[in-house]
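*Asks:* Below: one structure in structure tokens.
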Amino acid sequence: MKADGAPATKTFSTLRAGTVVIGSSLAVAAFLWAFITADSTIAVVALLVLLAAFFFGLERYPQAEAVVVRSFAEARVTAAIVWLVIVLGFPFLFGQNTYFLHLLVMCLIYSVLAIALNFQLGSANIPNFATGATYGIGAYCSALLALEFGWSFWATLPFAALAATLFGFIIGLPSMRTRDAYLALVTIACGVIIHQLLNNFEWTGGPQGLIGIPAPTLFGYSFASPLPVFGYTLPFQANFYYLALALLALSIVVANRLHQSRIGLAWNALRADEIAARAVGINVVWYKVLAFAVDAFLAAFAGVVYAFYISYIAPDNFTFLVSVTLMTMVIVGGMDNVIGVILGAFLLTLLPEKLRAFSDYRLLFYGLVVIAFLMIRPQGLLPQRLRSYGA
Amino acid sequence: MDEPVLRSLGLTIRFGGLVALDQVDLEVRAGEIVAVIGPNGAGKSTLFNIITGVYGPTEGRVWFDGKDITGRPTHEIVARGIARTFQASRLFADLSVLDNVVLGLHTRTTTNVLEAMLLPGRSRRELARAAATAEGILEQIGGNLFEQRKRRASELAQADRRRLEIARALASQPKLLLLDEPTAGMDDNDTDALIEDVRKLKADRSDMAIVVVEHDMRLVAALPERVVVLDYGRKIADADFDTVRRDPRVQEAYLGSSAS
Ligand SMILES: Nc1ncnc2c1ncn2[C@@H]1O[C@H](COP(=O)(O)OP(=O)(O)O)[C@@H](O)[C@H]1O
Ligand SMILES: [Mg+2]
């Protein structure tokens with residue numbers, strides 16, 4: 001009896017988990033597609049209301065969230081396959097519309113940046129307003145290497161990351177002596193200084209910035225040419241979509257690995273109580289500096305991809321405002337929850353674009369939407385979750 | 001006679017004009033339980049803060065395990081084998097009960113940032129092993145902390161919070177355990193349970209020294225082999241409980257001012 005019953009229940013629960021995974025994944029993809037392609041103000045507002053209603057429901061019925069989370073844990077393989085298909089096939093849904101593809105690329109780049117910032121803001125509660133600057137350092141570094149010395153995209157990547165990481169260490173150093181609001185001020189100052197330097201140096205091109213950054217090539221294939229797939233041709237933006245996608249995948253892997261190690265746990269301890277963290281033997285200064293370095297490392301990668309994608313960079317792409325936007329993404333999406341942070345990045349990258357119809361009132365409406373979601377989900381759209389070990 | 005595990009000589013610290021500790025000499029031997037008592041503001045917590053490197057002393061030195069640790073950073077001192085609890089409990093409130101104890105094992109784990117990124121299996125296994133050890137510690141400690149291990153630390157009752165702080169301190173297998181008013185906020189039953197816990201602990205780890213700051217005289221009478229009395233930052237007595245109790249200076253400073 002028992003021998004028969006157990007496998008049957010197992011099949012059923014696996015089946016149910018699989019259904020939940022496929023259903024919810026497709027729903028997310030469909031919503032994203034609808035939001036990107038929505039062309040009337042009414043459609044955009046309706047979709048935002050739908051999203052708000054969804055999260056309102058989730059706040060009311062946390063059991064539903066638990067079911068989805070458990071299903072994804074149970075049907076790991078199914079989830080991986082479904083998402084692989086979704087993210088690889090997504091560009092095909094937009095035909096030859098380059099604007100929509102461009103939006104997607106920007107969503108991916110901002111997701112990487114938000115994950116980078118999440119190491120500090122989300123995991124360790126360090127307010128860093130200089131992520132925009134490290135993003136810029138990555139972009140400028142790679143652009144200069146490419147333009148001045150003719151380096152390829154791939155060769156500039158590690159150098160830009162190294163330069164930004166060094167900068168991360170340097171702005172991390174004041175965290176030895178300052179904290180909270182004071183540390184925030186120090187990072188703001190660092191961000192402003194970098195912006196001013198980029199603006200005033202001659203070799204960075206001044207306010208005009210750098211132009212003509214050559215598109216990356218891979219085995220003779222230029223990223224600036226349209227992408228042929230199975231007799232179908234995608235606009236050249238698709239190349240950068242897949243490049244940024246690979247970078248986001250790398251960021252997620254790094255974030256997860258750090259989160260599931262003693263490093264991520266130590267960062268969480270800093271967030272909760274710095275004095276207690278010291279008392280269990282955590283080298284607080286080192287872990288803070290480390291958070292700055294990891295943030296800078298990933299942000300620089302994003303900067304390199306951005307520079308080679310747009311092929312033109314200027315100081316105003318890397319202002320203090322970029323850092324504030326990133327912070328909003330992390331807070332709205334859910335601190336210390338990678339999926340939440342990505343969600344926040346997508347939502348807040350697309351929102352200003354979709355609110356163009358409001359022209360002068362765009363920022364006002366943007367602010368209202370942010371506040372509304374924070375009221376519906378005070379802990380973020382997908383809040384931080386407790387760790388679990390082994391079984 | 002063997003070397004004491006903890007020794008301080010002439011410890012003095014001034015906060016502005018206030019002399020919070022004044023020429024305090026202290027010796028604690030391996031396996032010994034010592035109580036530190038004294039009126040509020042006598043400098044007991046400050047003594048712990050200096051030993052663990054939260055403050056550097058204005059004068060004097062501290063040796064632990066034969067090494068001078070004066071003014072060393074806290075994480076280094078803790079790694080050498082000192083663990084502590086705080087007077088007002090300081091848990092990692094938004095982490096699980098289990099994670100709080102796993103963090104107590106921080107100095108017993110080694111994965112660095114590159115290993116965490118490049119050898120995820122090893123780093124995950126290390127943390128899973130730490131979690132298993134932490135579960136063992138939670139099972140040993142009184143109360144039902146083990147059953148509550150997946151709750152957030154902020155959701156615990158007061159007595160459980162104090163227990164959890166002790167469990168977290170024990171996780172690093174310290175040679176010296178510093179308990180700052182462990183029974184604060186506990187009722188009589190909880191206090192008795194705590195006394196039992198500490199006795200059990202002593203049986204298991206006979207070479208661990210414990211210094212406990214305490215107000216509850218039942219605990220002071222029951223547990224320690226030796227009682228040190230601080231008053232206005234000065235050490236005025238250092239002997240067994242009965243001798244200390246009869247010391248007229250102690251009675252004047254301590255028992256006279258508050259109810260005995
Ligand atoms: N960081 C500090 N700055 C100034 N004064 C302090 C500081 N820490 C403790 N003190 C003072 O030192 C004295 C001893 O405090 P404490 O060690 O906490 O006493 P207790 O014996 O009650 O634990 C008190 O007068 C307290 O106000
Ligand atoms: Mg005290």
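The values are calculated or read from the model by the stated rules, or taken from the named source; none is laboratory data. Predicted, not measured: the structure shown is a model, and the values here were computed from it. Neighbour counts are summed over all protein chains in view; Cβ atoms, including those assigned to glycine, are modelled from backbone coordinates with ideal geometry. To get the accessible areas, we keep the full protein, side chains included, count just its heavy atoms, and leave off ligands, DNA and RNA. Shrake-Rupley method; radii C 1.70, N 1.55, O 1.52, S 1.80 Å.
*Asks:* So, of the residues in the stretch B:52-63 that are open to solvent by 70 Å² or more (accessible area, probe 1.4 Å) and part of a strand (DSSP E or B), which turns out to be farthest from ligand 1 (Cβ to nearest atom)?
*Replies:* Filtering first and then ranking leaves B:61.
*Asks:* Search the stretch B:40-57 for residues that are more than 14 Å from every other protein chain (Cβ to nearest Cβ) and pair each with any residue that is within 8 Å of ligand 2 (Cβ to nearest atom) and open to solvent by less than 30 Å² (accessible area, probe 1.4 Å) when their beta-carbon atoms are under 9 Å apart and the residues are at least 6 apart or on different chains.
*Replies:* Sorted first by the residue in the stretch B:40-57, then by its partner, the pairs are B:44/B:180; B:44/B:181; B:44/B:213; B:47/B:213.
*Asks:* Report, by residue number, each residue of the stretch B:204-244 that is among the hydroxyl-bearing types (Ser, Thr, Tyr) and either touching a residue at least 40 places away in the same chain (Cβ under 8 Å) or part of a loop (DSSP other than H, G, I, E, B) (or both).
*Replies:* Of the stretch B:204-244, the ones among the hydroxyl-bearing types (Ser, Thr, Tyr) are B:206, B:232, B:243.
B:206, B:232, listed by residue number.
*Asks:* Looking at residue A:271 and the list (1) under 15 Å from residue A:120 (Cβ atoms); (2) within 8 Å of chain B (Cβ to nearest Cβ); (3) open to solvent by less than 20 Å² (accessible area, probe 1.4 Å), which single condition is not satisfied?
*Replies:* That leaves (3) as the condition not met.
*Asks:* Could I ask something else about it? I need the helices (runs of 4 or more DSSP H) fully contained in the stretch A:259-371, keeping only those with at least 1 residues that are basic (Lys, Arg).
*Replies:* A:262-272, A:274-279, A:284-310, A:338-354
*Asks:* From the list A:224, A:181, A:255, A:238, pick out the single residue that is under 20 Å from the mean Cα position of the chain (by Cα) and modelled with pLDDT under 90. Lay out the reasoning, then the answer.
*Replies:* Working: A:224 fails: under 20 Å from the mean Cα position of the chain (by Cα); A:181 fails: under 20 Å from the mean Cα position of the chain (by Cα); A:255 fails: modelled with pLDDT under 90.
Being under 20 Å from the mean Cα position of the chain (by Cα) and modelled with pLDDT under 90 holds for just one of A:224, A:181, A:255, A:238, which is A:238.
*Asks:* A follow-up question, please. Just a yes or no: is a residue in the stretch B:147-154 closer than 17 Å to residue B:91 by Cα, assigned to a helix (DSSP H, G or I), open to solvent by 30 Å² or more (accessible area, probe 1.4 Å) and within 11 Å of chain A (Cβ to nearest Cβ)? Can you show your working first?
*Replies:* From the stretch B:147-154, those closer than 17 Å to residue B:91 by Cα are B:148-154; that's our starting set.
Subsequent filtering for residues that are assigned to a helix (DSSP H, G or I) retains B:153-154.
Applying the additional criterion that residues be open to solvent by 30 Å² or more (accessible area, probe 1.4 Å) yields B:154.
If we keep only those that are within 11 Å of chain A (Cβ to nearest Cβ) as well, we get B:154.
Yes, the stretch B:147-154 contains a residue that is closer than 17 Å to residue B:91 by Cα, assigned to a helix (DSSP H, G or I), open to solvent by 30 Å² or more (accessible area, probe 1.4 Å) and within 11 Å of chain A (Cβ to nearest Cβ).
*Asks:* What residue, of A:223, A:219, A:236, is away from chain B (no Cβ under 14 Å) and crowded, with 20+ Cβ neighbours inside 10 Å?
*Replies:* On the way: A:219 fails: crowded, with 20+ Cβ neighbours inside 10 Å; A:236 fails: crowded, with 20+ Cβ neighbours inside 10 Å.
So the residue among A:223, A:219, A:236 that is away from chain B (no Cβ under 14 Å) and crowded, with 20+ Cβ neighbours inside 10 Å is A:223.
*Asks:* Can you find a residue in the stretch B:123-131 that is open to solvent by 60 Å² or more (accessible area, probe 1.4 Å), more than 8 Å from every other protein chain (Cβ to nearest Cβ) and either more than 23 Å from residue B:162 (Cβ to Cβ) or in a helix (DSSP H, G or I) (or both)?
*Replies:* First pass over the stretch B:123-131, keeping only residues open to solvent by 60 Å² or more (accessible area, probe 1.4 Å): B:124-125, B:129.
Filter once more, so that each one left must be more than 8 Å from every other protein chain (Cβ to nearest Cβ): B:125, B:129.
Then drop every residue that is not either more than 23 Å from residue B:162 (Cβ to Cβ) or in a helix (DSSP H, G or I) (or both), which leaves B:125, B:129.
Checked against the condition, which is being open to solvent by 60 Å² or more (accessible area, probe 1.4 Å), more than 8 Å from every other protein chain (Cβ to nearest Cβ) and either more than 23 Å from residue B:162 (Cβ to Cβ) or in a helix (DSSP H, G or I) (or both), the stretch B:123-131 yields at least one hit.
*Asks:* Can you go through A:146, A:155, A:215 and tell me which one is among the small types (Gly, Ala, Ser), free of Cβ contacts under 8 Å to residues at least 40 places away in the same chain and farther than 27 Å from residue A:327 by Cα? Give the derivation first.
*Replies:* Details: A:146 fails: free of Cβ contacts under 8 Å to residues at least 40 places away in the same chain; A:215 fails: free of Cβ contacts under 8 Å to residues at least 40 places away in the same chain.
Going through A:146, A:155, A:215 in turn, the sole match is A:155.
*Asks:* Here's a check for you: in the stretch A:278-302, which residue that is over 19 Å from residue A:137 (Cβ atoms) and within 8 Å of another protein chain (Cβ to nearest Cβ) is nearest to the chain's Cα centre (by Cα)? Quick ask: steps written out before the conclusion?
*Replies:* Step one: list which residues in the stretch A:278-302 are over 19 Å from residue A:137 (Cβ atoms), which gives A:278-288.
Narrowing the set further to residues that are within 8 Å of another protein chain (Cβ to nearest Cβ) leaves A:278-284.
Numbers: A:278: 30, A:279: 33, A:280: 32, A:281: 32, A:282: 28, A:283: 28, A:284: 26 Å.
Result: A:284.
Quick grid of which residues meet (1) near ligand 2 (Cβ under 10 Å from one of its atoms); (2) under 21 Å from residue B:70 (Cα atoms):
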| position | (1), (2) |
| --- | --- |
| B:20 | no, yes |
| B:24 | no, yes |
| B:31 | no, no |
| B:38 | yes, no |
| B:41 | yes, no |
| B:49 | yes, yes |
| B:55 | no, yes |
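*Asks:* Still on this structure, please answer the following. I'm trying to understand the selection: among the residues of the stretch B:79-98, which are facing another protein chain (nearest Cβ under 7 Å) and touching a Phe, Trp or Tyr at 6+ places or on another chain (Cβ under 7 Å)?
*Replies:* If the condition is that a residue be facing another protein chain (nearest Cβ under 7 Å) and touching a Phe, Trp or Tyr at 6+ places or on another chain (Cβ under 7 Å), then B:84 is the only one that fits.
*Asks:* May I ask you to verify whether residue B:164 is at pLDDT 90 or above, under 20 Å from residue B:83 (Cβ atoms), within 14 Å of chain A (Cβ to nearest Cβ) and within 16 Å of ligand 2 (Cβ to nearest atom)?
*Replies:* No, not satisfied.
*Asks:* Out of the stretch A:270-293, which residues are touching a Ser or Thr at 6+ places or on another chain (Cβ under 6 Å) and under 17 Å from residue B:102 (Cα atoms)?
*Replies:* Here is the first cut: in the stretch A:270-293, the residues touching a Ser or Thr at 6+ places or on another chain (Cβ under 6 Å) are A:278, A:281, A:288, A:293.
Within the stretch A:270-293, A:278, A:281 meet the criteria.
*Asks:* Oh, and also: Inspect the stretch A:80-92 for any residue being in contact with a Phe, Trp or Tyr (Cβ under 6 Å, 6 or more places away or on another chain), touching a residue at least 40 places away in the same chain (Cβ under 8 Å) and surrounded by 15 or more Cβ atoms within 10 Å (Cβ to Cβ) and give the result as yes or no. Step through it out loud before you land on a result.
*Replies:* At the first step, the residues of the stretch A:80-92 found to be in contact with a Phe, Trp or Tyr (Cβ under 6 Å, 6 or more places away or on another chain) are A:91.
Next, from what is left, pick out any that are touching a residue at least 40 places away in the same chain (Cβ under 8 Å): A:91.
Next, from what is left, pick out any that are surrounded by 15 or more Cβ atoms within 10 Å (Cβ to Cβ): A:91.
Yes: one or more hits.
*Asks:* Go through the stretch B:213-233 and give me each residue that's open to solvent by 40 Å² or more (accessible area, probe 1.4 Å) and within 11 Å of ligand 1 (Cβ to nearest atom).
*Replies:* Hits for the stretch B:213-233 are B:215, B:232.
*Asks:* Taking into account only those residues within the stretch B:71-91 that are more than 16 Å from ligand 2 (Cβ to nearest atom) and open to solvent by 30 Å² or more (accessible area, probe 1.4 Å), which is nearest to residue B:18 (Cα to Cα)?
*Replies:* So the first thing to find is which residues in the stretch B:71-91 are more than 16 Å from ligand 2 (Cβ to nearest atom), and the list is B:71-83, B:91.
The next check asks that each one be open to solvent by 30 Å² or more (accessible area, probe 1.4 Å); those that pass are B:71-73, B:75-76, B:79-80.
Numbers: B:71: 20, B:72: 23, B:73: 24, B:75: 27, B:76: 28, B:79: 31, B:80: 31 Å.
Across the stretch B:71-91, the extreme among qualifying residues is B:71.
*Asks:* Within the stretch B:1-51, which strands (runs of 3 or more DSSP E) (wholly inside it) include 2 or more residues that are over 22 Å from residue B:218 (Cα atoms), open to solvent by less than 60 Å² (accessible area, probe 1.4 Å) and outside the structural domain of residue B:227 (by TED's automatic domain parsing)?
*Replies:* Values: elements: B:6-15, B:18-28, B:33-37.
Strands (runs of 3 or more DSSP E) meeting the threshold: none at all.
*Asks:* Checking the conditions here, which among B:175, B:202 is more than 13 Å from ligand 1 (Cβ to nearest atom) and within 14 Å of another protein chain (Cβ to nearest Cβ)? Spell out the reasoning first.
*Replies:* Working: B:202 fails: within 14 Å of another protein chain (Cβ to nearest Cβ).
Just one listed residue meets the conditions, B:175.
*Asks:* Considering only residues of the stretch B:99-122 that are aliphatic (A, V, I, L, M), within 7 Å of another protein chain (Cβ to nearest Cβ) and open to solvent by 10 Å² or more (accessible area, probe 1.4 Å), which is farthest from residue A:280 (Cα to Cα)? Spell out the reasoning first.
*Replies:* We begin by selecting, within the stretch B:99-122, every residue aliphatic (A, V, I, L, M); these are B:101-103, B:105, B:113-114, B:116-119.
Filter again for within 7 Å of another protein chain (Cβ to nearest Cβ), leaving B:102-103, B:113, B:116-117.
Narrowing further to those that are open to solvent by 10 Å² or more (accessible area, probe 1.4 Å): B:113, B:117.
Details: B:113: 19, B:117: 23 Å.
Among them, the one singled out is B:117.
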